[in-house]
Structures are given as C-alpha cells and as structure tokens.
Amino acid sequence: MILIEDDPYADFLWRFYNADGSEAEMCGNGGRCAARFAFLKRITSSDMVFTTLAGPIRARVDGDQVKLEMSRPCDRQRLELDCGGALEKVDFINTGVPHAVIMVEDDLDLVDVNDRGAKIRYHQVFAPAGSNANFIKIEDESTLSIRTYERGVEGETLACGTGAVAAALIAHAKGLVSSPTKVITKSGASLTIYYKKEDETFVEVFLEGVALIVYRGVLDRDFLEHVTD
C-alpha cells in the first residue's frame, strides 16, 4: 500500500507499507506506480521529485512507461554466509533497501527461493533489518533473469524493482553485463536498468518499466470511520 501525501520540499511525499505492515525505505516498482498515479491525478507534471525514507527520488512519466532515478547505491561487499550448514556466496548492495545477490549457473526455476531466501533474509550478518535475497542467472551480455525473496512479504514475489537494480549492478561489477541491462522477472515482465560506473561507485542509476492501471476502487467512509475507532 502506498500513501501519497503533501510535501513542502517536493512534488509529494510517499509512504510505502509491506504486506506485513512494515514500512519500507524504498520500492522501485512501487515508485514507478506512484509516479504515474500522481501524474494521472494531476498532482504533478510528467517530471517530478518525491520524498521517500531513502531520500528524494526523481521520475519521468511517458505514456505507460516510467523511468525512475534510484538513490545512489552503497555498502557493496562480498560475503560468504553459513546458512544452516550450506555456504552461500553472496554480493550485498543497498539500492535504497538492502539486497543480497546470488549467482545461479543452473536452471533458475529449480532454485528453492523461499527456503534459501529466508535463510539469507534472516541471517545474523544482516540483523536487525534483514536483507532481500535475489537469485540471478546471466542470459547474455545485456540480459539477466531474476527471482526475489522479499522481506516484508516473507516470500517470493513476481518482481522487485530495487532487486532488479541490485542484480544489474552486481552483474556489471563482475564484468558480466553492460548498461542498459534488461532484467526478466518471475512474472515474465522485463525491467530496464541504466547506470554508469565511476571508479568503484555507481552513478546515474535508473529503473524503467511499464506501470499499468489495473482497477479503480473507493473505500467507503463508514469503513474508514470504523477502523479509525
């Protein structure tokens, strides 16, 4: 659930809540949806800046396509984790929220994302906040596939924007893909990640993809007054 609120310093402020009720710092796909929603509701123009817990985010809406500038990635490191006797080699990076990235050489569909992902998500190295876990396979020099275990959902999701960004940046750091990188998600939809690398730092990182209207609904005032009481 995303709430759009007034902000004196930006076009709007957003608040993002996971399925378990926890508030997340940032969500790439949610950010794209919020940007198109704000544009369609005439809250802002097609070029906008909105405030998140991860900092200000710039976005541009072009039809049903939304291109979102991500907060500057940080904390990149390589780790070896003991996950119940199994050794997981992961690359960690924060792309607005923390992400562990695990390379997969065999069939990505055979990975037990919920089991392995949960062990990484709750590993003591990432305590107390925890980390998302992304399993990726390189398809070619500009394309990779991804499956993601998301904290807050506590299971695999069909797509994760910040996870797609993390995957592309880690794969590029390993010399496996170039920008722009196409990321194929579990749903089959693809996201495009743009970035530049300056020394050991990534800059000008953008996430682009389609944001579609699925339905419109109204919460009745009676219900709102009831839950407020």
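The values are calculated or read from the model by the stated rules, or taken from the named source; none is laboratory data. Only a predicted model underlies this, so the values are computations on that prediction, with no experimental measurement involved. With ideal geometry, Cβ positions are generated from the backbone for all residues, glycine too; neighbour counts draw on all protein chains shown.
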Checklist entry - Here are some conditions: (1) over 25 Å from ALA211 (Cβ atoms); (2) assigned to a helix (DSSP H, G or I); (3) in contact with a strand residue (DSSP E or B) (Cβ under 6 Å, 6 or more places away or on another chain). ALA166 meets all but one. Which one does it not meet? => result (1)
Item to check | Every residue from region 9-35 that is part of a helix (DSSP H, G or I) and not aliphatic (A, V, I, L, M) | outcome: GLY28, ASN29, GLY30, GLY31, ARG32, CYS33
Item to check | Options THR192, THR148, THR185, THR181; residue that is under 20 Å from PHE126 (Cβ atoms) and crowded, with 17+ Cβ neighbours inside 10 Å | outcome: THR148
Checklist entry - Tell me, which strands (runs of 3 or more DSSP E) wholly within region 36-121 include 1 or more residues that are touching a Pro at 6+ places or on another chain (Cβ under 8 Å)? => result 47-52, 74-83, 86-94
Checklist entry - Which one of PHE39, PHE12 is in contact with a Phe, Trp or Tyr (Cβ under 6 Å, 6 or more places away or on another chain) and more than 23 Å from GLY163 (Cβ to Cβ)? => result PHE12
Next on the checklist: Out of everything in region 97-126 that is under 23 Å from LEU176 (Cα atoms) and out of contact with any Lys or Arg (no Cβ under 9 Å at 6 or more places or on another chain), what residue ends up being surrounded by the fewest Cβ atoms within 10 Å (Cβ to Cβ)?
Outcome noted: LEU110
Next on the checklist: So if I check each of PHE135, PHE92, PHE126, which one is under 29 Å from ALA59 (Cβ atoms), more than 16 Å from the chain's Cα centre (by Cα) and outside the structural domain of ASN29 (by TED's automatic domain parsing)?
Outcome noted: PHE126
